[in-house]
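Let me begin by presenting the structure, written as structure tokens, before commenting on it.
The values are calculated or read from the model by the stated rules, or taken from the named source; none is laboratory data. If you're wondering where the values come from, they're calculated on a predicted model, not measured in any experiment. Cβ atoms come from the backbone with ideal geometry, glycine included; neighbour counts cover every protein chain shown.
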Amino acid sequence: MTFKAYLDNIEAKTGTSAADFKKLAKKKGYLSKEGLRAGIKVGEVVAWLKQDFQLGHGHAMAIVALLKGKEIFRRRAVDS
């Protein structure tokens, strides 16, 4: 499964797109211009995603990777 397909599955489950997750994370103070803000613990973000969106651990970690700005994930999300 491609990373884009993974994100598509998350959107189908939650009704929230990858761009929307970024906006929400920024609103919560988790993001800087470079990605996940320094000092923010991954566990805190995962807990938020699990509680507010009922995501499983794997899906939550995919969103964390997206928020961290991992280049390979951004490319795959766009290219696929």
**OP:** Considering (1) modelled with pLDDT under 95; (2) surrounded by 12 or more Cβ atoms within 10 Å (Cβ to Cβ); (3) not β-branched (Val, Ile, Thr), say which one LYS33 fails and leave the rest.
**Re:** (2)
**OP:** Scan region 1-48 for residues that are in a helix (DSSP H, G or I), closer than 17 Å to GLY69 by Cα and touching a helix residue (DSSP H, G or I) at 6+ places or on another chain (Cβ under 6 Å) and report the count.
**Re:** 10
Subject >> Count - residues of region 37-52 that are under 18 Å from TYR6 (Cβ atoms) and modelled with pLDDT under 95 >> reply: 0
Original post:
Yes or no: LEU55 modelled with pLDDT of 95 or more, buried (at least 19 other Cβ atoms within 10 Å of the Cβ) and assigned to a loop (DSSP other than H, G, I, E, B)?
Top reply: yes
Original post:
Restricting the first residue to region 5-16 and requiring it to be without any contact (Cβ under 8 Å) to a residue 24 or more places away in the chain, which pairs with a second residue that is part of a helix (DSSP H, G or I) meet a Cβ separation below 8 Å and a spacing of at least six or different chains?
Top reply: GLU11/ALA18
Original post:
When region 1-40 is examined, which residues are found to be of a type in the set (Ser, Thr, Tyr) and within 15 Å of GLN54 (Cα to Cα)?
Top reply: THR14, THR16, SER17
